[in-house]
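The block underneath contains the structure these notes are about, expressed in structure tokens.
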Amino acid sequence: MIKDITLGQYFPGESVIHRIDPRVKIILTLAYIVMLFVAKGPIGYGICLAALIYMIAVSKISLRIILRSMKPLLFIIVFTAILNMFYIPGRILVEFWILRITYEGIETAIYMALRIAMLISGTFVLLTYTTSPIMLTDGIEHLLNPLKKLKFPVHELAMMMTIALRFIPTLIEETDKIMSAQKARGADFESGNLINRARALVPILVPLFISAFRRADELAVAMECRCYRGSVGRTRLKVLKMQPLDYIAICVSLVLCVSIILSAVM
Amino acid sequence: MSTIIEARSLTYTYGVGTPFEHTALDNVSFRIEEGEFVGIIGHTGSGKSTLVQMLNGLVTPSSGEVYFRDKNIHDKDYKLRDMRFKVGLVFQYPEYQLFEETVYRDIAFGPKNMGLSESEIDDRVREAARFTGIREEQLEKSPFELSGGQKRRVAIAGVLAMRPEVLILDEPTSGLDPRGRERILELIKSYHRERGTTVLFVTHSMEDIARTVERLIVLNESKLVLDDIPENVFLKADFLDSIGLDVPQITKVFMLLSEKYGINIPTSVYTVKYAKKIVDELMAKGEIK
Ligand SMILES: Nc1ncnc2c1ncn2[C@@H]1O[C@H](COP(=O)(O)OP(=O)(O)OP(=O)(O)O)[C@@H](O)[C@H]1O
Ligand SMILES: [Mg+2]
């Protein structure tokens, strides 16, 4: 259950996908998302799907993990698909009472479900699963750098994101542990009405908050001990530099994007 | 004596299908008899915590079964929640699970979940507090005002208040000073003596366990490697050393005496009291001065 949340989880590896510059990856992910909405018809979707399958295969992330990451969103996928199925007018396939299902409805429903599923798995594979949180925030910081001129606290924002991402798995693990411990004393999280269930969360939330604050406090002290003062005068251990691989990735993606757009307008 | 808990070929793998796949427990079997005081020992990461969480059904084994009083706890209609009141588990670092406004109410959490009457709960809370050495006036304090060691005792009291038939403690002395350790050990021992409760005591310190338990289960790299009375376990000092465990100081002294100086003494000594007796005897016989 709670362990199924793989958000913020990074699977180390050496694949091509792992090695692409994080800045490039972020841009390409954005392009991928835009393309999913631009794409029309089998050709556009086919290209997106092929790209996705290629990325999954190359990155060696097991299909099981990808399917698991979609589990929490399964409801939304199914829900949008069903809504679409009933509300799109067109040639009627079956009709009963006030409900009618059309050919167009089914088509849209399939595309819709496919789009959401590809959106989720694509961003996971391209970003979180194959990019370490540090690289990811580094990339975001670089991309947002122009905003620094407007006095926008880019570095601070990036640091906050790094920390938040870093602590998601820790908090999940902690929640799991506290839940087990309270279950050992007979806590019941699964039965009863809504109010009872909400009340049953108190024994989890109180220790969780206390430990989160304790961790935050410790981290702040540790950062101060190492004289952290924000971005002023800070240099990097690893400076991001574009490699030939990155240019290749950009070119290939560009070609794919153009073909998707062309297939959509034609 | 009758068997109260039986573990049959328990195996558990974390993160199946991810690059982090790891077998935390590999084909572990044993029986615990009613009233026994058993120590489970193993180095860090050997699977001790995973094992004890299986014994009260919090972790479902990948394969193998757990039997409590001859009933498979993973049967569909088995009431796991009721069983957890009978197999009380004190987690590692239990002080981080306190949540109530007062110590009293935190200790009462378990009994309340059992659906007991107010007066019965009051009885149990006070008894558990007495056992763990929590003073009357501390009961109305917030648990977060207490010291680490005191919090630990409150958490243990919270499990004792359920009056479990089996008490499992996962490293109850870790992170405490010698005096704090001594007090926790003492309270567990006296609880075992007075109530006759079956106790499973998890630790990675031989020193803690040597003076306390009647039987030792040794885990190494997810496998059960020894299951015997302490004397026999400590005879295998070299083996224990090779799996990252230590024998008690006093045993080491006796081994040295026997090996280096050829003094004819048993090397399975593991309590200072017993050691003193032997030395006294030898002195009386005039073999040593
Ligand atoms: N939630 C988890 N996910 C993945 N692996 C885990 C998880 N919990 C434990 N493990 C792994 O399982 C193994 C056994 O862990 P366990 O906590 O049972 O060890 P332990 O003997 O209790 O150690 P310690 O003395 O440190 O408490 C360890 O190698 C650990 O890395
Ligand atoms: Mg442990």
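The values are calculated or read from the model by the stated rules, or taken from the named source; none is laboratory data. Since this is a predicted model, take the numbers as computed values, not measurements. Here the Cβ positions follow ideal geometry from the backbone for every residue, glycine too, while neighbour counts run over all protein chains shown. Side chains included, ligands, DNA and RNA excluded: accessible areas come from the protein's heavy atoms. Shrake-Rupley method; radii C 1.70, N 1.55, O 1.52, S 1.80 Å.
A few comments on the model shown:
- Contour minus Cα-Cα distance for A:Ala57 and A:Glu107 (0.36 nm per residue): 15.2 nm
- Cα gyration tensor shape of the range B:248-289, rounded if a/c is under 1.5, else prolate or oblate by comparing a/b with b/c: oblate
- Here the range B:8-58 and the range B:121-199 have alpha carbon centers that stand 24 Å from each other.
- Table column - 3J(HN,Hα) (Hz), the range A:45-58, Karplus curve with 6.51, -1.76, 1.60, x for Gly and Pro: 5, x, 5, 4, 5, 4, 4, 5, 4, 4, 4, 5, 4, 5
- Long-range amide H partners of B:Thr13 with built H, under 5 Å: B:Ala24, B:Ser62
- Gaussian network model of chain A, Cα within-10 Å springs - most flexible of A:Met161, A:Met118, A:Met179: A:Met179
- Among A:Gly41, A:Gly139, A:Gly13, the residue with the largest mean-square fluctuation in a Gaussian network model of chain A, with springs joining Cα atoms closer than 10 Å, is A:Gly41.
- You can think of it this way: the chain between B:Asn264 and B:Glu127 has 44.5 nm of extra reach, that is 0.36 nm per residue less the Cα-Cα gap.
- Within a Gaussian network of chain A (alpha carbon springs, distance under 10 Å), most fluctuating of A:Ser191, A:Ser59, A:Ser15: A:Ser191
- Fraction of accessible area attributable to carbon and sulfur, the protein assembly as shown (%, probe 1.4 Å): 61
- Phi-derived couplings, Karplus 6.51 cos²θ - 1.76 cosθ + 1.60 at θ = phi - 60°, listed residue by residue for the range A:110-122: 5, 4, 4, 4, 4, 4, 5, 4, 5, 4, 5, 5, x Hz, with x used for Gly and Pro.
- In nm, spacing of pseudo-spin labels at B:Arg135 and B:Asp75 (7 Å Cα→C-beta vector): 5.0
- The phi torsions of the range B:233-246, fed into the Karplus equation with coefficients 6.51, -1.76 and 1.60 and a -60° offset, translate into couplings of 5, 6, 5, 8, 4, 5, 5, 4, 4, 5, 9, x, 10, 10 Hz, rounded to whole numbers, with Gly and Pro shown as x.
- About the Cα centre, charge dipole magnitude for the range B:160-289 (Lys/Arg +1, Asp/Glu -1 at Cβ), debye: 480
- Residue-normalised accessible area of the range B:248-289, given per residue in Å² at a 1.4 Å probe: 72
- Distance between modelled label sites at A:Asp176 and A:Leu262, nm, 7 Å Cα→Cβ extension: 4.8
- On Cα atoms only, tilt of B:148-160 relative to the major axis of chain B in degrees: 70
- Set A:Lys177/B:Lys189; A:Lys183/B:Lys86; B:Lys86/B:Lys112; B:Lys48/B:Lys151; A:Lys40/A:Lys71 screened for pairs whose C-alpha atoms are more than 18 Å apart: A:Lys177/B:Lys189; B:Lys48/B:Lys151; A:Lys40/A:Lys71
- Peptide B:10-23, shielding by other chains (average Cβ, 10 Å cutoff): 2
- Less than 5 angstrom separates the built amide H of A:Asp188 from none of the residues sequence-distant by 5 or more or on a different chain.
- From the alpha carbon centroid of the range A:111-184 to that of the range B:225-280 is 53 Å.
- The GluC sites (Glu not before Pro) of the range B:196-264 that meet both conditions, a loop assignment by DSSP and at most 16 other Cβ atoms within 10 Å of the site Cβ, are B:Glu214, B:Glu221.
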